[in-house]
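One structure is given here, and the rest of the page talks about it.
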Amino acid sequence: MKAEPLRVALTTDDYARYPFLPDALRVVRELGLTLEELGETPLGLQILENARGKILSVIENGTYPPPGGDYRLEVSAFTTALLILSQVGDRALTEKFAVAFSKRVFESIEQDAVRRPELLLYLATVFGWSLRAGSGGISIHFKDYVYAQPEFTGPWKLVNRPLSSGYVEVGWRELARLLQTGVKKYVARLVESASVDPSVVPERLYAVVEEVSQKWAKTRSEVLAYAQAGYRKGDATAFPPCTRALLEDIKSGKNLTHSARFALASFLLSVGFSVEETLEVFKASPDYREDLARYQVEHIAGLRGSRTKYTPYKCDNMRSLGLCRWNCQGVKHPLQFFYRAVRGRPPRVE
Amino acid sequence: MDQAGIVRLFKAYYARNTVPPPSSIEKREFAFSFFDSQGMARHMAFRDAGELNKFIRDKVPQHAYYSTAYYADPAASDMDEKGWQGADLVFDIDVDHINTPCKPLHDTWKCRNCGAEGWGFVEKCPSCGSDRVERQTWVCEQCISVARDEVLKLVDILEEDFGISRDEMYVVFSGHRGFHLHVEDSALVDLDQEARREIADYVRGLGIDPELYIARTRGGYTYRYTPEDPGWRGRIAKLLQLRPEAEGRLSRGELERLILECVAEARANIDEKVTMDVKRLIRLPGTLHGKTGLKVLRMTVQQLEALDARGVLEKAIALPDEPVRVEMDKWPRKILATSLPDQAGERTLPLYLAVYLALNGKARVLGPA
């Protein structure tokens, strides 16, 4: 299957539903639209307006609009949206966009899983995955499986899967779900590679970049301010149980391990605590040393060293490190718990 | 013999032996620690085996490491500037993490909080509960044998389930408490942390949900799969067949307990942190371990299968075996392949063993026998 190029008859309707496919992009490229024209010609303005609408829809209600009838507009607006996101350069926004987009595409993938499964195989080859068709169904190389695994517990966990000679058996519906993650990561990669020199970005397009940046920053800061205020009032229920336990440990005068400190500091910084506020929390620690702690917290905040702002460990990693013994329903990352709790829907904890 | 004497022995070893370079040596970071200074010299790079060996012969390090990662610029001091290009998939099996039955024969602990002490392995002080416990650990043939079994279990899982060829793996005896298994497969170098954790969890059998493995039948529960099924499904089935108590219909709880016991038996006891770390520094094969004086020994999977624990240790002995007199306050009863009957004070031992006792403990080497 790897060696033979798959032949799938793609229609213009497919281009509209799967606008990231190389074939779809080629068709649009043949239109010969230049970057300058995006902000100038009537067609260019229509595309730009459509791209803006797509991104704002993602920011405002978390959904990517359903494909319209004109596949050329659909694909051009999609690629323009990637360009805008690349100019905004915020990883969290790109992620949100990629998630919303992949959810929309999943609807099409699910339909095609029944109607013409060969299209699913084609999508897999676009992502560079290695598949094998066997008597029992379809198998996917473990590397591609773990790359796209939607969950790391229960039936999705690799350890619970039939894995043999490097290939994991999956059903068609499961393949569809894996492809959804594939789409998400593929689109995020496209955003990364869509970068162009900002000086050549036409003014009209740049205005959209600024508008999107502002809308996004506002959405984020409202949430953070709410959470901080809650914590200061002594109401830490927005925090996941692992983080609450670390806070209690530190308050009761326990020395935390290195990874526990990292988990706590990166969490607090991520929800909007300043370096000073974070240090205040760590002062209760019996082995607290101002200079050392400050250095570490500033490092995690991205003010030193690699200048990377660190996010807390994922739930699975927290478990591997022995920092989590809970099961928060539908949560894979401590920050996810937090954002849901802030929106008044705290996950159930077992 | 004082430290200078031990340094002379290391120097003589490196003068006679050449350290083979790791693959893609020019992309690896190297790190060393030395007998006469604290800390580690990191972010070093060598163009070829000649340069690496010249450095080692000149400086005679106590410990030598290289990165499992490949970098565009391995000598850059900032991790972000190194330009990570990928990393080998590495597994660490360390008997320190496994409670081997021989620990009471050689390991001791002392509580820094209340002063209690004893033989064997404890996580916390059994008398006051403090975790400020100082440990003196030694390695014997039996420890290595346990670790060797873990490596072979791991190899089996990697071959059968992950389809990784033996030609792309090699085993390293670390020179102290265990083994490293390196996989150098170009298709796997770009695996991220998340993927490596999933692989580590797989070989450890972590996250197995017994509920997915059982079926309800009339009058009880049975195991769903056969020994022919791939992955853990078949692996558990094979072990269940060896257990007479697993026959017939069982209660849900009993069957789930049996499944988890089989998992515990078949899992490879690795340290998951090492596998997850894509920028790990790991011991350089061919050098000496600075806490034991044993050689960090690289071998093929087939070579490990052909050797028993004693064979591994014999191959790792790199220093001379001339008899010397050694004095020590608290002798372990067993180290490496040697049993030491209860006796206080002075005794005569081969030099390599005396060096191990001196480097890892508080033994004093008095001179030639």
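Each row is one residue, and each column tells you yes or no for (1) at pLDDT 95 or above; (2) open to solvent by less than 40 Å² (accessible area, probe 1.4 Å).
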position: A:GLU37; (1), (2): no, no
position: A:GLU40; (1), (2): no, no
position: A:ILE55; (1), (2): yes, yes
position: A:GLY89; (1), (2): no, no
position: A:LYS103; (1), (2): yes, no
position: A:ARG116; (1), (2): no, no
Sort out for me the strands (runs of 3 or more DSSP E) sitting completely within region B:178-240 that have 1 or more residues that are hydroxyl-bearing (Ser, Thr, Tyr).
B:214-217, B:220-223
State which residue is farthest from B:GLY205 (Cα to Cα) when the search covers only region A:133-173 and only residues that are aromatic (Phe, Trp, Tyr) and open to solvent by 20 Å² or more (accessible area, probe 1.4 Å).
A:TRP172
So B:LEU250 fits all but one of (1) within 11 Å of chain A (Cβ to nearest Cβ); (2) touching a Phe, Trp or Tyr at 6+ places or on another chain (Cβ under 7 Å); (3) in contact (Cβ under 8 Å) with a residue 24 or more places away in the chain; what number is the exception?
(1)
Among the residues of region B:158-173, is any part of a loop (DSSP other than H, G, I, E, B), buried (at least 20 other Cβ atoms within 10 Å of the Cβ), facing another protein chain (nearest Cβ under 8 Å) and out of contact with any Phe, Trp or Tyr (no Cβ under 7 Å at 6 or more places or on another chain)?
yes
Residue check, B:TYR225 at the interface with another protein chain (Cβ under 8 Å from one of its Cβ atoms) and under 34 Å from the mean Cα position of the chain (by Cα)
no
Output the residues belonging to region A:326-346 that are closer than 18 Å to A:GLY154 by Cα and in contact (Cβ under 8 Å) with a residue 40 or more places away in the chain.
A:TRP326, A:CYS328, A:VAL331, A:LYS332
Against the conditions (1) buried (at least 21 other Cβ atoms within 10 Å of the Cβ); (2) within 14 Å of another protein chain (Cβ to nearest Cβ); (3) assigned to a helix (DSSP H, G or I), where does B:GLU150 fall short? Just the number, please.
(2)
Test A:SER130 against the stated conditions and say whether it is open to solvent by 20 Å² or more (accessible area, probe 1.4 Å) and of a type in the set (S, T, N, Q).
no
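Here is a yes/no grid of residues against (1) out of contact with any Leu (no Cβ under 6 Å at 6 or more places or on another chain); (2) of a type in the set (Lys, Arg); (3) open to solvent by 70 Å² or more (accessible area, probe 1.4 Å):
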site	(1), (2), (3)
B:THR68	yes, no, no
B:LYS110	yes, yes, yes
B:ASN113	yes, no, yes
B:ALA116	yes, no, no
Looking at B:VAL139, is it modelled with pLDDT of 95 or more and either more than 8 Å from chain A (Cβ to nearest Cβ) or open to solvent by less than 10 Å² (accessible area, probe 1.4 Å) (or both)?
no
State yes or no: is B:GLY39 modelled with pLDDT under 95, surrounded by fewer than 20 Cβ atoms within 10 Å (Cβ to Cβ) and outside the structural domain of B:GLY361 (by TED's automatic domain parsing)?
yes
Select from region A:156-170 the residues that are of a type in the set (Val, Ile, Thr) and in contact with a Gly (Cβ under 8 Å, 6 or more places away or on another chain) and list them in ascending order.
A:VAL159, A:VAL170
Filter region A:311-324 for residues that are assigned to a loop (DSSP other than H, G, I, E, B) and in contact (Cβ under 8 Å) with a residue 12 or more places away in the chain and give the result.
A:THR311, A:PRO312, A:TYR313, A:LYS314, A:LEU321, A:LEU323, A:CYS324
Determine which member of the set B:GLN85, B:GLN38 is among the polar types (S, T, N, Q) and either touching a Lys or Arg at 6+ places or on another chain (Cβ under 7 Å) or under 29 Å from B:GLU198 (Cβ atoms) (or both).
B:GLN85
Residues that are touching a residue at least 60 places away in the same chain (Cβ under 8 Å): find the strands (runs of 3 or more DSSP E) completely inside region B:39-109 holding 3 or more of those.
B:63-67, B:84-87, B:89-94
Qualifying residue in region B:291-302 (condition: within 17 Å of the chain's Cα centre (by Cα), part of a loop (DSSP other than H, G, I, E, B) and on the phi > 0 side of the Ramachandran plot)
yes
Hits in region B:178-200 - residues which are more than 9 Å from every other protein chain (Cβ to nearest Cβ) and free of Cβ contacts under 8 Å to residues at least 40 places away in the same chain:
B:SER186
Please give the number of the condition A:PRO66 fails out of (1) open to solvent by 40 Å² or more (accessible area, probe 1.4 Å); (2) closer than 20 Å to A:ASP13 by Cα; (3) touching a Pro at 6+ places or on another chain (Cβ under 8 Å).
(3)
So which residues in region B:332-353 are assigned to a loop (DSSP other than H, G, I, E, B) and open to solvent by 20 Å² or more (accessible area, probe 1.4 Å), if there are any at all?
B:ARG333, B:ALA337, B:PRO341, B:ASP342, B:GLN343, B:ALA344
It is to be established whether one or more residues within region A:266-285 are assigned to a helix (DSSP H, G or I) and farther than 30 Å from A:LYS218 by Cα.
no
Residues (modelled with pLDDT under 95 and open to solvent by 50 Å² or more (accessible area, probe 1.4 Å)) located in region B:230-247:
B:GLN241, B:LEU242, B:PRO244, B:GLU245, B:GLU247
Matching entry among B:GLU123, B:GLU134 (being open to solvent by 60 Å² or more (accessible area, probe 1.4 Å) and away from chain A (no Cβ under 14 Å))
B:GLU134
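The values are calculated or read from the model by the stated rules, or taken from the named source; none is laboratory data. Quantities reported herein were computed from a predicted structural model and do not represent experimental measurements. Heads up, the Cβs are rebuilt from the backbone with ideal geometry, glycines too, and the neighbour counts pull from every protein chain shown. For the accessible areas, the whole protein counts, side chains as well, though only heavy atoms, and no ligand, DNA or RNA atoms are used. Shrake-Rupley method; radii C 1.70, N 1.55, O 1.52, S 1.80 Å.
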